[in-house]
Amino acid sequence: YSVSLYYEDPEKGWLRATPAVLVDDKLNVGEEKEIEFKWLAPDRGHYQLFASVDDDGTMLPVLRNQINEIDEQNNTGVIEVDVFGLPKGSVAPVENKLEISQITLVREEEPVVPIFFFAPGDDRVDERFHHLQSVLGKRFRENPDIEIDLYGFYDPESDGVTPTLGDRLGENRAKAVRSVFMRFEQIAATRIHIKDPMSYDASRPRAGLPEEHQPEDVPRSMAENRRVQMVTRVKGFEDWKPVIYFDKGSDRVDDASLNELKARASDIRAVMERNPEVIFQMEGFCTEAEATSQSKWVNLSFDRAFRVKQKMGEILGEDFVQKFGRRLFIKGNTDEYADRGRVDIKIDGEGLIYRPLEGRMAAKGYELNQEQANFVHITSDVEAGVDTYTVSIVDAEGNPFRVLAAGHGSVPEGAPWDWKDEDGNLINPSEEYYCKLEIRDKLGQTFTTMSEPINVQVTKRQQQLETLVIVEFSFDEKISESGFLESRVEYVARRFIEKALEPKIRLTAVVSGHTDVIGMAHRNRELSIARARKEEENLRRYLIYLLGLGDNAELNAWLRSHNTTLTSQGYSDSEPYVITKWVDDRLVEEEIGDNNLPEGRTINRRVVIDFLMEKEGVPAEEVPPQSSID
């Protein structure tokens, strides 16, 4: 039998809404059957829809039956529906361009220190670590294949415990950190592993032994020992560490040595696609006999890693390398010799716990009059009634900059805007923004529209100050705390090149080495200089590689031709790390490198690159004189 669906059109008469549905199954007395029709209304309006069983809809409004029944009229049901049009609207600012004469833009990356520190004898997580917990929790949710091991530590002196009780205290501290992630960030316990204190030395000092410090530094060093540290692992790659060996003095890759990589190619692609913080790391080494000079040591170890990276297109696919190339990191190791020239390969998830937070550009040194305030005009036509609406300013990638209006019910006809976000920060002159209108009606239908681009034009002078974190160091060492940060120099080099290629008056880049306050002044000064010089050398090597140049002489010529200088400087402990940002309509400088806190001192043991770019403004448009003659 057939089931029809139809309605009466005021002008066209009776019409089938859809072709009749043919049902092959029998329907016994007392049984029910559900049939689904897909119907698209030809226009908005009020409709009465009829459904008739045992009718093929070919003789409407007369029913065409095949089964003889006593009552043919009780086979029809009816439903009334109202059809509304989609929401409509528009959004447009009065002014799409703001002109200011001069501005200074400041942006600093914020280091992430993945360590929880504790008060003496305590295993409770202090509330000052809520921000760290939130940052890492979000990254955990976005990277399902990364797990962490938690190592709890104690300080024998300040915690006042025996080794047995100290091991228990360290373990309880690790359990407290895991509990925080499980309770507040909904991270599964199976992804967070508490390491047995019998498998490591839970009293191992982080910042040297007390007898190595001046008296005033002893409490500081003890505070760094009371901690929980994290180590990441990538599920399925915990013990996967292939090695590519090289002939003496050579950087040629033997294809046979790549078989282990080829065997895991599909797994590598899958884990990197699922986990944005996973990187593929290649670290080159050479022997002492091969390192006949410092430059030979640097070049050969680096070139070996580079040659392996070149093979990744053949192994993982050129499309994959093009998409994820910036997560394929290479590094030349110049800290230790190897028994044989090689490249160590690792799938690494350290970015989850070490990748710095990218700060927002903070604007200062500009004047904005009340007369320059903007107004956003809004129109809307929502037949089914408004459920919710939002009027916002977004950047070119759709990220929200400021919400101007939001709510339920009627959409306003306009909203004022002062060119700033909620905290009082001006939109970035280097980017384009848009007004965005979003409407959801009471039927669940949605509508979104955007305005023409909005931007700020600087007419005279623009300065940009930006700081990127290159590396954080272990106490009193030139060795990085993180292999991820050490490999991140390639990312910094790419950003350097992008800035050098921008139109500008000049670009000054300084690789800056810093220490915390622990230790002798002369030692900290020497250490900061050594750290800065080492990272400048690394950066120069990456720049030469990325630009396809031969040596430092060619790099220096390239820098001069692009009005760019690159130097290094050691600052000892004189400049604790400060970030600039707008908060509640005030430009504030927050000292995150607080030397009174162990995490602040960790932040200060750093090398950063400071960029100062000076740009000429774009002259304001001149309006031609208007004739007074009609």
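Brief remarks follow.
- Strands (runs of 3 or more DSSP E) contained entirely in the stretch 303-402, each with at least 1 residues that are surrounded by fewer than 14 Cβ atoms within 10 Å (Cβ to Cβ) and either out of contact with any Cys (no Cβ under 7 Å at 6 or more places or on another chain) or at pLDDT below 90 (or both): 374-381
- Neighbours by Cβ (under 9 Å, 6+ apart or cross-chain): first from the stretch 249-260, in the same structural domain as Asp303 (by TED's automatic domain parsing); second surrounded by fewer than 17 Cβ atoms within 10 Å (Cβ to Cβ) and among the charged types (D, E, K, R): Asp254/Asp247; Asp255/Glu314; Leu258/Glu314
- Evaluated against (1) touching a Phe, Trp or Tyr at 6+ places or on another chain (Cβ under 7 Å); (2) assigned to a helix (DSSP H, G or I); (3) under 30 Å from Trp39 (Cα atoms), Val81 falls short on exactly one condition, (2).
- Within the stretch 29-54, the set of residues being free of Cβ contacts under 8 Å to residues at least 40 places away in the same chain, part of a loop (DSSP other than H, G, I, E, B) and of a type outside the set (Val, Ile, Thr) comprises Gly30, Glu31, Glu32, Lys33, Glu34, Glu36, Phe37, Lys38, Trp39, Leu40, Pro42.
- Selection over the stretch 181-220 of residues that are touching a Gly at 6+ places or on another chain (Cβ under 9 Å) and either under 22 Å from Asn143 (Cα atoms) or of a type in the set (Lys, Arg) (or both) gives a count of 7.
- The stretch 495-510 residues that are outside any helix (DSSP H, G or I), paired with ones that are of a type in the set (Phe, Trp, Tyr) and crowded, with 18+ Cβ neighbours inside 10 Å (beta carbon under 7 Å, 6 or more apart): Leu507/Phe611; Ala509/Phe496; Ala509/Phe611
- Test set (1) at pLDDT below 95; (2) touching an Asp or Glu at 6+ places or on another chain (Cβ under 8 Å) - Val511 fails condition number: (1)
- For the stretch 575-587, the count of residues that are surrounded by 22 or more Cβ atoms within 10 Å (Cβ to Cβ), charged (D, E, K, R) and under 27 Å from the mean Cα position of the chain (by Cα) is zero.
- Among the candidates Glu273, Glu283, Glu260, the residue that is among the acidic types (Asp, Glu), outside any loop (DSSP other than H, G, I, E, B) and in contact with a Pro (Cβ under 6 Å, 6 or more places away or on another chain) is uniquely Glu260.
- Filtered residue count, the stretch 516-554, keeping only those that are surrounded by fewer than 22 Cβ atoms within 10 Å (Cβ to Cβ), of a type in the set (Asp, Glu) and either closer than 23 Å to Glu224 by Cβ or more than 33 Å from the chain's Cα centre (by Cα) (or both): 3
- For the stretch 475-495, the tally of residues that are modelled with pLDDT of 90 or more and touching an Asp or Glu at 6+ places or on another chain (Cβ under 6 Å) stands at 0.
- Hits in the stretch 427-455 - residues which are of a type in the set (A, V, I, L, M) and modelled with pLDDT of 95 or more: Leu437, Ile439, Met450, Ile454
- Scope the stretch 4-23; condition more than 10 Å from Thr58 (Cα to Cα) and either in a strand (DSSP E or B) or touching a Pro at 6+ places or on another chain (Cβ under 8 Å) (or both); matching residues: Leu5, Tyr6, Tyr7, Glu8, Asp9, Gly13, Trp14, Ala17, Thr18, Val21, Leu22
- Count of the stretch 256-298 residues, restricted to those that are hydroxyl-bearing (Ser, Thr, Tyr) and within 25 Å of the chain's Cα centre (by Cα), is 1.
- When Glu224 is tested against the conditions (1) among the acidic types (Asp, Glu); (2) touching a residue at least 24 places away in the same chain (Cβ under 8 Å); (3) farther than 22 Å from Leu485 by Cα, the lone failure is (3).
- Considering (1) surrounded by 13 or more Cβ atoms within 10 Å (Cβ to Cβ); (2) more than 53 Å from the chain's Cα centre (by Cα); (3) assigned to a loop (DSSP other than H, G, I, E, B), the lone condition that Lys26 does not fulfil carries the number (1).
- Taking the stretch 515-617 and the helices (runs of 4 or more DSSP H) fully enclosed by it, the elements with 3 or more residues that are without any contact (Cβ under 8 Å) to a residue 60 or more places away in the chain and out of contact with any His (no Cβ under 6 Å at 6 or more places or on another chain) are at 521-547, 552-561.
The values are calculated or read from the model by the stated rules, or taken from the named source; none is laboratory data. What you are looking at is a predicted structure, and each value in this text was computed from that prediction instead of being measured. Here the Cβ is made from the backbone with ideal geometry for all residues, glycine too, and neighbour counts use every protein chain on show.
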